[in-house]
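Contents: one structure, followed by commentary.
The values are calculated or read from the model by the stated rules, or taken from the named source; none is laboratory data. Note that the structure is predicted; figures quoted are calculated from it, not measured. Counting neighbours? That spans all protein chains shown, and the Cβs are built from the backbone with ideal geometry, glycine included. Accessible surface is based on the protein model in full, side chains and every heavy atom, while ligands, DNA and RNA are left aside. Shrake-Rupley method; radii C 1.70, N 1.55, O 1.52, S 1.80 Å.
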Amino acid sequence: MSRQERRAAARLAAVQALYQMDVAKSGINDVLAEFESHWIGQEVEGEQYNKAENAFFRDVLEGVLAGQGEIDVLVDRSLQEGWPLRRVEAVLRAILRAGAYEMLSRKDVPARVVITEYTDIGGAFFEGDEVGMINGVLDALGRRLRPDELMGTARNAR
């Protein structure tokens with residue numbers, strides 16, 4: 001399994017863990033222990049979960065929690081007016097927070113990779129406008145936080 005595939009699995013696990021922490025009010029230590037021992041790389045209810053880059057999983061999860069105040073403000077600014085992050089569905093909120101964290105703090109990951117990876121995760125959970133919203137919000141964040149990486153990409157994407 002390639003590093004890219006292990007990182008994709010880590011992102012998916014981080015989104016699921018953030019969702020669980022948000023909805024079930026689980027603590028980070030419990031979630032880390034559960035995901036690293038019972039989910040990542042394991043077969044659960046007949047479904048095989050991919051091996052993940054555990055350090056990357058931990059970094060995204062811990063980074064979102066440590067910077068959640070700043071991350072939420074950044075995402076709020078990129079959402080349609082009148083739809084603050086707290087009003088967004090919980091899985092969507094987890095995806096946007098994780099993507100925003102990477103855009104803000106993981107400069108080693110190209111902005112386009114962040115947008116693509118989290119848009120793909122969104123596609124695993126949603127079929128409607130949510131996927132386009134994830135793409136749009138992360139693109140707007142990228143243009144604000146990493147303008148040098150994304151300058152002119154809208155014109156060149158055609």
#### Entry: Cα-derived Rg to Rh of the chain, Kirkwood definition
0.96
### Message
Output the 0 to 90 degree angle, nearest 10, between the alpha-carbon long axis of helix 3-24 and the longest principal axis computed from the alpha carbons of the chain.
### Response
80 degrees
#### Entry: Extent along principal axes [Cα atoms of the stretch 68-123; Å; largest to smallest]
32, 25, 16
### Task
Find, among the GluC sites (Glu not before Pro) in the stretch 1-103, those assigned to loop by DSSP (not H, G, I, E, B) with at most 13 other beta-carbon atoms within 10 angstrom.
GLU45, GLU81, GLU89
### Query
With charges only on Cβ, +1 for K and R and -1 for D and E, what is the dipole size of the stretch 9-80 about its Cα centre, in debye, rounded to 20?
140 debye
### Task
Step through the residues of the stretch 85-102 one at a time and calculate ³J(HN,Hα) from phi using the Karplus curve (6.51 cos²θ - 1.76 cosθ + 1.60, θ = phi - 60°), rounding each to whole Hz and writing x for Gly and Pro.
3, 5, 8, 7, 3, 4, 5, 4, 4, 5, 4, 5, 5, 5, x, 5, 4, 4
### Message
Which of GLY122, GLY27, GLY99 ends up with the largest GNM mean-square fluctuation for the chain, with Cα atoms connected below 10 Å?
### Response
GLY27
### Query
Where the accessible area of the chain is counted over protein heavy atoms with a 1.4 Å probe, how much of it, in %, is carbon and sulfur?
48 percent
#### Entry: On Cα atoms only, tilt of 68-78 relative to the major axis of the chain in degrees
40 degrees
#### Entry: Total charge dipole magnitude, the chain, about the Cα centre, Cβ charges on Lys, Arg, Asp, Glu only, Debye to nearest 20
640 debye
### Task
Report, to the nearest 10°, how far helix 54-66 tilts away from the longest principal axis of the Cα atoms in the chain, using its own Cα long axis and a range of 0 to 90°.
60 degrees
